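To start, the structure itself, in structure tokens.
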Amino acid sequence: MDSEFRKLQITGGSTTIVSLPKEWVSQNQLRKGDVVSIEELSSGDLRISTLQGARNKTCITIDCCQLENGLVDLMIGAYLSGADTISIVCSKPISRIVRSEIRGFLRDTRGMEIESDKEKEIRIVSLLNPSELKLQVSVNRMYILISGLVNDSFAVLGGDSNELLHDIEDRERQIDARRLLIERQVAAALKMPSVEKRLAVDRFSAMEHASIARVLERMGDHATRLAFLVRENSRSIRLQPNDMPLKAIPMFSNGLKELVHNMYTKEISLIHGAKVSLGNIIKEIEADEDELWTGRRPTERLYAEFQISESVRRLCAYAVNFAELLLNMLMHERLEPV
């Protein structure tokens, strides 16, 4: 229905009331004495609902027999949209391949478990309330995993054992899983004011958190690529700690740490300073890459060093994007009515 404007009225000498649209009351089959829910949004607006504060459970059914592939993509879509139950059904016994894909989905998400496992139906339910885990927790976890991969790669290049990088794939999966969890929580916050309020974010900040999660995931992709490059080429690389791009790695780590630590303390000057520093590092790396191809190094070594340089440069670029998103959030928080 279109927006309507109604005057506030006073009854009983002190109680302020406003009438509800007759069409809305009829559509929801409300009668005198029925209870409605009134929730205050983080923006200060009020939302009136017939749900009486209860949250409706949502379910989606996927027929895997009608799919040649793409089951995982559909399950991820259902997860991100906030489905509480995902039923995988088939007219014939569910194949081992499908069961393997479901196990992969459970491994790569958080809070989802199999409730019922039958021959022709598998029901997956959410055990995690979207408002139970603060968005900051997942952002911090992604940061720790990313910085761990980068710092361990730096240590291996400095002479430490390749064993430091034995679990690259597992760390990458954890980063991806946290991104999915944040997007699921953000979707829930956009749909349910109660979740929005418990997470202590408004709609703008919730969307910015989703963008931050995507930026951190891309950062994680390049941290993973860097780790693989180092693990596979550590013997052929002859970079010194004071050479680019190795010199840039501790600088990147310090810049990212500054951003994450000030994400909620809201020191704008420090966030902007880290953004500028990271931008300068990118320029230094690009200048070094221009000179890289003029030297006389073995092709295999040259290529490996350039790939490492590219990964470090992209890590810094995504950190700059992270800083910009933080500044957007902080400026939004400072908006005042005039």
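The values are calculated or read from the model by the stated rules, or taken from the named source; none is laboratory data. On a predicted model such as this, the values are computed, not experimentally measured, just so you know. As a convention, Cβ positions derive from the backbone with ideal geometry for all residues, glycine included, and neighbour counts pool all protein chains shown.
Observations on the model:
- The sole residue among Glu163, Glu169 that is in contact with a Ser or Thr (Cβ under 9 Å, 6 or more places away or on another chain) and either of a type outside the set (Phe, Trp, Tyr) or free of Cβ contacts under 8 Å to residues at least 40 places away in the same chain (or both) is Glu169.
- Long-range neighbours under 6 Å by Cβ, at least six apart or interchain, first residue touching a residue at least 60 places away in the same chain (Cβ under 8 Å) within region 312-330, second assigned to a helix (DSSP H, G or I) and among the hydroxyl-bearing types (Ser, Thr, Tyr): Leu325/Ser211; Met329/Ser205
- Pairs with Cβ under 8 Å, 6+ apart, first in region 134-148 and in the same structural domain as Val215 (by TED's automatic domain parsing) and closer than 17 Å to Arg314 by Cβ, second crowded, with 16+ Cβ neighbours inside 10 Å and of a type in the set (Asp, Glu): Met142/Glu217
- The set of residues in region 99-130 being among the aliphatic types (A, V, I, L, M) and in contact with a strand residue (DSSP E or B) (Cβ under 7 Å, 6 or more places away or on another chain) consists of Ile102, Leu106, Met112, Ile114, Ile122, Ile124, Val125, Leu127.
- Test result for Leu302, assigned by TED's automatic domain parsing to the domain that holds Arg141, modelled with pLDDT under 80, touching a Gly at 6+ places or on another chain (Cβ under 8 Å) and surrounded by fewer than 17 Cβ atoms within 10 Å (Cβ to Cβ): yes
- The conditions of being within 23 Å of Arg179 (Cβ to Cβ), small (Gly, Ala, Ser) and in a helix (DSSP H, G or I) are not met by Gly273.
- Pairs, first over 23 Å from Asp108 (Cα atoms) and free of Cβ contacts under 8 Å to residues at least 12 places away in the same chain in region 178-203, second of a type in the set (Lys, Arg) and buried (at least 18 other Cβ atoms within 10 Å of the Cβ), C-beta under 7 Å, six or more apart: none
- Test: Val98 is outside the structural domain of Met142 (by TED's automatic domain parsing), modelled with pLDDT of 90 or more, of a type in the set (A, V, I, L, M) and surrounded by 14 or more Cβ atoms within 10 Å (Cβ to Cβ): yes
- Residue count for region 88-125 under the criterion of being in contact (Cβ under 8 Å) with a residue 12 or more places away in the chain and in a helix (DSSP H, G or I): the result is 9.
- Restricting attention to region 126-173, the residues being of a type in the set (Gly, Ala, Ser), in a helix (DSSP H, G or I) and within 29 Å of Lys191 (Cα to Cα) number 1.
- Residue among Val338, Val260 that alone is among the aliphatic types (A, V, I, L, M) and outside the structural domain of Met207 (by TED's automatic domain parsing): Val338
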